[in-house]
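Here the structure is laid out as structure tokens; the discussion comes afterwards.
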Amino acid sequence: MLDDLGSDKHSYPLEFLLEALTVKGISLLCIKKQEEAIECFDWALKMDVDPPVANTAEIFFFKGSALSQIERYDESIECFDKVIEIEPQRWHTWEMKGIVYGMKGNLEEEEKCRSKSNEMKKVWFEKNPEKPSDR
């Protein structure tokens with residue numbers, strides 16, 4: 001995985017490597033290579049430090065998306081739970097978690113998550129009316 005970064009990989013700042021792995025994972029996700037995307041996200045999560053220099057919530061979000069696409073729903077929900085733990089105000093995560101519960105056939109949990117997402121979305125748009133692109 002890291003060999004893709006060239007022979008000089010150890011001279012890059014950690015933030016660059018983590019961003020590169022995240023972007024590569026997102027790119028792989030876009031071309032339906034979920035397993036390879038998950039590997040990138042896992043590497044980024046393993047390499048990060050405390051306090052994190054990567055956008056850990058974003059990495060878990062995309063990993064959860066990848067896992068849901070290959071029907072690993074429980075693992076996907078675990079990733080979305082980690083995002084919610086890190087950034088509880090992200091209504092997109094609640095929405096995705098609800099979608100995954102729906103894919104599992106758990107309509108009660110799906111509705112709870114979608115309801116939470118809708119509540120948060122309403123508050124967010126009331127506070128940010130100038131950002132219509134996020135609707």
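Of Ile77, Ile70, how do they rank once you tally other Cβ atoms within 10 Å and put the fewest first? Intermediate results must be reported in sequence, preceding the final value.
Values: Ile77 21, Ile70 14.
Ascending number of Cβ neighbours within 10 Å: Ile70, Ile77.
Could you work out how far helix 56-69 tilts from the main Cα principal axis of the chain, as a 0 to 90 degree angle to the nearest 10?
Computed tilt is about 70 degrees.
Students often get this wrong, so try it: which of (i) 16.3, 51; (ii) 24.2, 92; (iii) 16.9, 52 is Rg and Dmax of the Cα atoms in Å as calculated from the structure shown?
Looking at Rg and Dmax of the Cα atoms in Å for this model, the match is (i).
Tell me, what HN-Hα J-couplings in whole Hz come from the Karplus equation 6.51 cos²θ - 1.76 cosθ + 1.60 at θ = phi - 60° for each residue of segment 108-113, using x for Gly and Pro?
Per residue, the Karplus-derived 3J(HN,Hα) values read 5, 5, 4, 5, 4, 5 Hz.
May I ask you to evaluate 6.51 cos²θ - 1.76 cosθ + 1.60, the Karplus curve with θ = phi - 60°, for each residue of segment 74-84 and list the ³J(HN,Hα) values in order in whole Hz, giving x for glycine and proline?
3J(HN,Hα) across segment 74-84, in whole Hz: 5, 5, 4, 4, 4, 5, 5, 4, 5, 4, 4.
Name the residues whose placed amide hydrogens come within less than 5 Å of the amide hydrogen of Ala54, ignoring near sequence neighbours (fewer than 5 apart) on the same chain.
Val49
For the chain, calculate the relative contact order in percent as a whole number, restricting contacts to Cα pairs under 8 Å that are 6 or more residues apart. If you can, show how the numbers build up before the last one.
Working: 135 pairs, mean separation 19.9, N = 135.
Averaging sequence separation for qualifying contacts and normalising by length gives 15 percent for the chain.
Pull out the extension gain between Glu87 and Trp124, defined as 0.36 nm times the separation in residues minus the alpha carbon to alpha carbon distance; nm, one decimal.
Details: separation 37, 0.36 × 37 = 13.32 nm, distance 1.37 nm.
Going from the current span to full extension adds 11.9 nm.
Set the bar at 31 Å for Cα to Cα. Now go through Lys33/Lys104; Lys82/Lys127; Lys46/Lys122; Lys24/Lys127; Lys24/Lys112 and name every pair that lies beyond it. Mind dumping the intermediate values first?
On the way: Lys33/Lys104 22 Å; Lys82/Lys127 25 Å; Lys46/Lys122 35 Å; Lys24/Lys127 33 Å; Lys24/Lys112 33 Å.
Beyond 31 Å between Cα atoms: Lys46/Lys122; Lys24/Lys127; Lys24/Lys112.
What's the angle, to the nearest 10 degrees (0 to 90), between helix 34-47's Cα axis and the longest principal axis of the chain?
70 degrees
Most exposed first by the Cβ proxy, i.e. fewest other Cβ within 10 Å, how do Trp94, Trp124 rank? Present the calculation step by step, with values, prior to reporting the outcome.
Values: Trp94 24, Trp124 16.
Fewest to most other Cβ atoms nearby, the residues stand as Trp124, Trp94.
Between Lys32 and Phe16, what length in nm is gained on full extension when 0.36 nm per residue of separation is reduced by their alpha carbon distance?
Values: separation 16, 0.36 × 16 = 5.76 nm, distance 2.42 nm.
Taking Lys32 through Phe16 to full extension adds about 3.3 nm, to one decimal.
Any chance you could give the angle, 0 to 90 degrees and rounded to 10, that helix 14-30 forms with the longest Cα principal axis of the chain?
Long axis of 14-30 versus the principal axis of the chain: about 60 degrees.
Read the figures in this text as sums done on the coordinates, not as results from a lab. Bear in mind that the values here come from a model prediction, so they are computed numbers and not experimental data. Here the Cβ is made from the backbone with ideal geometry for all residues, glycine too, and neighbour counts use every protein chain on show.
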